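Chemist: Here's a structure for you.
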Amino acid sequence: MQTEQLQIPLDYGRRAWWRQGALSSKSTVVWVLLIAALGFMLISGLFWVALNYPRFGMAAPVAIVVIVPLALISGVMAVPRLARKTSALWPKLRWWHALWVLLYISTLVFRIRDQEATQAQPLDAWTLLRIIPEMIVGLWLMARLYRRKEAVAWIRCMFGGIPGALTIFALVCCASTLWSVYSAWTLYKSLEYLLDVSVLGVALANIWTLEDYEVLFDWTWLIFGVELAWVWLQVPLWPSDSFADSRIRGLIPATGSNAVGQSGAFFAVIALCRLLPLSRRRTNTSLYILLFVFSFLSLLISQTRNAVGAFLFAVVLVLILSGRILTVITGSVVGALTLLFTPLGGIVIAYLQREQNAEAMKSLTGRAEVWTFALQQFAAHPLLGMGAYAAGRFFIMTKLGTDTATLHSDWIELLVGVGLAGLIPFVAALGGTWWYLIRGVRDRALSPHGRQMAYEAVGVLAVITVHSFFNVELVWHVPLLLFVLVGYAELLRRRRVRVPRAGLRPVGVRSYSGVG
C-alpha cells in the first residue's frame, strides 16, 4: 500500500515543535512577527467591539483575555507546519487550479445594485471585473480542448455520472431563457453556471489519483481561508463598517455575514474532523486547534443562525460516522441540561435573537412572506418555472418592493426559476454526492486517507446543505464548495464501478484512474 504517500510530506513527526529547530529560520521568525502583529490588530478590533456593543456584557472582554492569547500561542506553535503545508502545495498545482481561482475571482462583489440599476445598465466597469476572468476561463478551455483527446475526456467527465446531472440542470437553466421574465439575465447567469460545470469536468478529466484530488481540496480550502482571513484583517481598518449591524462582514470586496458564518462553520468542521480522525491517530494538533478556534470565533461573531445550526448538524453527523455515538449522546444530554438549568440558556437565546423582536423571529427575518409569495408563483408554473436566476430577483422581489438580489433559499430559487424540470437533476446530483461520500467513509476497501477525505467532505456537505435552505449557495455562480465535493463523490463512484467487489483489497492512492 502507498497510503502514507499522502501523509508523509505533511506530517513532520510527533516530536515537539521546539525540538525540530523550526523556529531557527528567518522565514519562521517573520511568520511569528506577523502572527504577533495580526494578534495585536485582532485584540484592538475586539476591544472596539466590547466598548461599542455593551450588550455582549462580559463575554467580549473574557474572549479577549482568554481566547485570543491561547489562539496566538497555538498560532506560533502551528506556524512552521502551516508554512510547510502551504509551500508543499505550490509544486502540485496544475493549470486547472488556475481556472478554479479565476472562477472565484469572478464572484467578487465591489458594489451592490438594485434591480432597476441592473436593468438600466447591465454592463459597467465593475461588471467587467467579473466578466473578464470568465472570458479568460472560456478562452483557456477552448485552447486546451482544441486537442481531440482532451476534448473527448472532458465531454465524458462533464456529461457522465454525478457531474452529468449538474450539466443537465445547467442546460435546463439555459433553455429557460425562452420563457424567462428577463431573458438576457437568465441566459448570462445560466451560461456562467455551465462554464463552472465545464471547469469541474476538465479537472476530473485530468485528475488520476486520490492524491491529486487532495490538492484540489487543499486549494479550495486555501481560497476560502484567505477570504476569511482578509475579512478579519479589515476589522482594525474599518471597525465601524465591519460591524455595522453588530455582525462581522467584509467590505472590499463585499463579503456578507452569512458567507463569513458558513466559512467559519465548515472550517471548524474540517478542524474537528482532523482532531478526531477516523484512524484515531491525530497529527498537527496545534495547527488544527488554532484553525478550530479561529473558525468557531468567526462563526459566533458572524451571528449567522443557520450557519450555527448547520455546524451543529455537521458535528453530530461526523461523530456518528466516526463511531463516536456515545459522545453524541453525552454531549446532547449535558448540553440540554446546561441550557435548561444554567444562565447559559438565556445567553444563547439572546444571541440567537440578534436584538430582534418575536415577530421578526416568527417571520424568519422577512423570509416567510417572500417564500409564501414565491411558492404561489411556483404553483402557477410548476413544471418549467419563470426563468432561472431572473424569477426571484426581477419578478418576485419587484412585486414585493424589495431590493434583495436572491430569495434566500436555493430551493425556493430553484422552484420558481426552473420548476420541477431543473429541480429533479439538481436533487439527483446532490443526492448522489451524499450517497457516495457516506459510502466512502464506510468503505474499508478504500485507503485510510481516502476515507478521511470522505469523512471531512461529508462534514462540509452537511454545512452547505443546511445553509442552502436559508441562502443561495449551490445554484448560483460559482458553488466551489459544492463542486469540489461533487468531484470527489464522482471519483469514488467511478472507483466502485471499475473495481469488482469480489476479493477487493484496500487500494493505494495510485490504484485508480480518474478518466472514464
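Where a number appears in this text, it was derived from the coordinates with a stated rule and is not lab data. Please read these numbers as outputs of a predicted model, since none were measured by experiment. Neighbour counts are summed over all protein chains in view; Cβ atoms, including those assigned to glycine, are modelled from backbone coordinates with ideal geometry.
Chemist: Hey, if you put +1 on the Cβ of every Lys and Arg and -1 on every Asp and Glu Cβ in segment 264-419, which of SER279, LEU337, THR404 ends up farthest toward the positive end of that dipole?
Modeler: Result: SER279.
Chemist: Would you grab the residues whose amide H sits under 5 Å from the one on THR255? Only those 5+ places off in sequence or on another chain, please, with H modelled 1.01 Å from N.
Modeler: Placed amide hydrogens put GLY250 under 5 Å from THR255.
Chemist: Next question, about the same structure. Compute the length gained on full extension between LEU178 and ARG444: take 0.36 nm times their separation in residues and subtract their Cα-Cα distance, giving the result in nm to one decimal.
Modeler: So the extension gain works out to 90.9 nm.
Chemist: Applying the Karplus parametrisation 6.51 cos²θ - 1.76 cosθ + 1.60 with θ = phi - 60° to the phi angles of segment 305-320, what ³J(HN,Hα) value in whole Hz is obtained for each residue in order, glycine and proline being reported as x?
Modeler: Per residue, the Karplus-derived 3J(HN,Hα) values read 4, 5, 5, 4, x, 5, 4, 5, 4, 5, 4, 4, 5, 5, 5, 5 Hz.
Chemist: Still on this structure, please answer the following. Per the Debye formula with a single identical scatterer at each Cα and no solvent contribution, what log10 I(q)/I(0) holds for segment 169-321 at q = 0.15, 0.19 Å⁻¹?
Modeler: -1.00, -1.15
Chemist: Would you mind getting me the FRET efficiency between MET135 and THR86? Use the beta-carbon distance for r and R0 = 35 Å, nearest 0.05.
Modeler: The formula returns an efficiency of 0.75 here.
Chemist: Quickly rank 231-244, 301-314, 426-439 as a protection proxy: mean count of other C-beta atoms within 10 Å, highest first.
Modeler: Averaged packing, sorted descending, gives the order 301-314, 426-439, 231-244.
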